[in-house]
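This report concerns only the one structure given below.
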Amino acid sequence: MKNFLARTFGKKTPMTNITIIGNGNMARGIATRALAAGRTVEILGQDAAKAQALAGELGTGVASGTTAAAPQGDIVVLAVPFEAAKSVVTGYGDALAGKTLVDITNPVNFETFDSLVVGPDTSAAEDIARLAPAGANVVKAFNTTFAGTLVAGESGGQPLDVFIAGDDANANTVVSSFVSDAGLRPLVVGPLKRARELEGFQFVLMTLQANPEFADFNWNTGLKVTN
Ligand SMILES: NC(=O)c1ccc[n+]([C@@H]2O[C@H](COP(=O)([O-])OP(=O)(O)OC[C@H]3O[C@@H](n4cnc5c(N)ncnc54)[C@H](OP(=O)(O)O)[C@@H]3O)[C@@H](O)[C@H]2O)c1
């Protein structure tokens, strides 16, 4: 608790609802939506200065610190690359028990940009869940929402769909509530193994952003179900 107080810049300590691990593009996007949802936010990075810089950019009352500290949020978002997400979860161990762990990673092979680094019988989310402590619930979410669209809260003038997959109904509800409070539409698509399809499809969407035939996509598209 003492460390947490120190991380809040001496202001009255807010209850942290959401801890975001990482201080990159997705950390900025998800933190922006979390603040819009009225949640309190803590940014934990591997570099205290970078985490503090993002927290300061997001506004007053956003706490920051390093991943040397245990996350305070009930929801912990792993806004880091897949390999780093595995190390973070392993490193925290039992400090994650009881948390809802949100895996947003896309395990793309960036050397070839032609496949995922996980096989067809698993997913990044399931690999991460195998490393999580008992009592932590891993939920796949936000892997199909590009960072810039999260900052904007929309794509093409429409609210983003956030596809959610997880094995624990309560954890899925916790993430769905966050998503709808953030002005986005939650779509719970099934158990955690549906992350295989979400990760595969997002890989396809990423190849389209990188395709010169679709130059106007520019990482600002949204994957949406219409009716
Ligand atoms: N960008 C998108 O539109 C998008 C969309 C959906 C999903 N995703 C997924 O979201 C994740 C983050 O992507 P991003 O675009 O935000 O990447 P990014 O801008 O490169 O940020 C990555 C962040 O991870 C941090 N990091 C790396 N290793 C770490 C470790 N061991 N411990 C703590 N922090 C660590 C980096 O810290 P430093 O700054 O100190 O290096 C950086 O803050 C990835 O898994 C990606 O697949 C991205």
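Kirkwood-based Rg over Rh for the chain (C-alpha set), two decimals?
That ratio equals 0.95.
Please list, by residue number, everything in region 122-159 whose backbone N is under 20 Å from a paramagnetic label point 7 Å out along Cα→Cβ of Asn220.
It comes to 144-159, nothing else.
Any idea what angle helix 48-58 forms with the longest principal axis of the chain, computed on alpha-carbon atoms, 0 to 90 degrees, nearest 10?
Here the helix axis deviates by roughly 80 degrees.
Just subtract the alpha-carbon distance of Asn25 and Leu208 from 0.36 nm times their residue separation and send over the number in nm, one decimal.
Extra length from Asn25 to Leu208 when fully extended: 63.9 nm.
To make sure I understand, if each residue's beta carbon is the centre and we count other beta carbons within 10 Å, what order do Asp181, Asp121 fall in, fewest to most?
Asp121, Asp181
So how much slack lies between Phe201 and Ala36, counting 0.36 nm per residue of separation and subtracting their Cα-Cα distance, in nm?
Result: 56.6 nm gained on full extension.
Using alpha carbons only, how many angstrom separate the centre of region 144-215 from the centre of region 55-112?
Taking the Cα centre of each part, region 144-215 and region 55-112 sit 18 Å apart.
Antiparallel as a % of all DSSP beta bridges within the chain, to the nearest 5?
Roughly 20 percent of the DSSP beta bridges within the chain come out antiparallel.
First measure r as the distance between the Cβ atoms of Asp181 and Asp114, then evaluate 1/(1 + (r/R0)^6) with R0 = 35 Å and state the FRET efficiency to the nearest 0.05.
Calculated value: 0.40.
Count the lysine pairs in the chain that are 8 or more places apart or on different chains: how many have C-alpha atoms under 16 angstrom apart?
For the chain, qualifying lysine pairs total 6.
Could you work out how far helix 82-92 tilts from the main Cα principal axis of the chain, as a 0 to 90 degree angle to the nearest 10?
It is inclined by approximately 30 degrees.
Angle, helix 195-209 long axis vs. longest principal axis of the chain, Cα atoms, 0 to 90°, nearest 10?
Taking the Cα atoms of the chain, the angle to 195-209 is about 70 degrees.
Run the helix sum for the chain: -39,500 (n - 2.57) per DSSP H stretch of 4+ residues, divided by residue count, reported at 222 nm to the nearest 500 deg cm²/dmol.
Computed mean residue ellipticity for the chain: -10500 deg cm²/dmol.
Can you tell me the FRET efficiency between Ala152 and Asn227 if r is taken as the Cβ-Cβ distance and R0 is 25 Å, rounded to the nearest 0.05?
Rounded to the nearest 0.05, the efficiency is 0.65.
Every number here is computed from the coordinates shown, using simple stated rules; none is lab data. As the structure is a computational prediction, the values presented were derived from the model and not from experiment. Glycine gets a Cβ as well: all are built from the backbone with ideal geometry, and neighbour counts include every protein chain shown.
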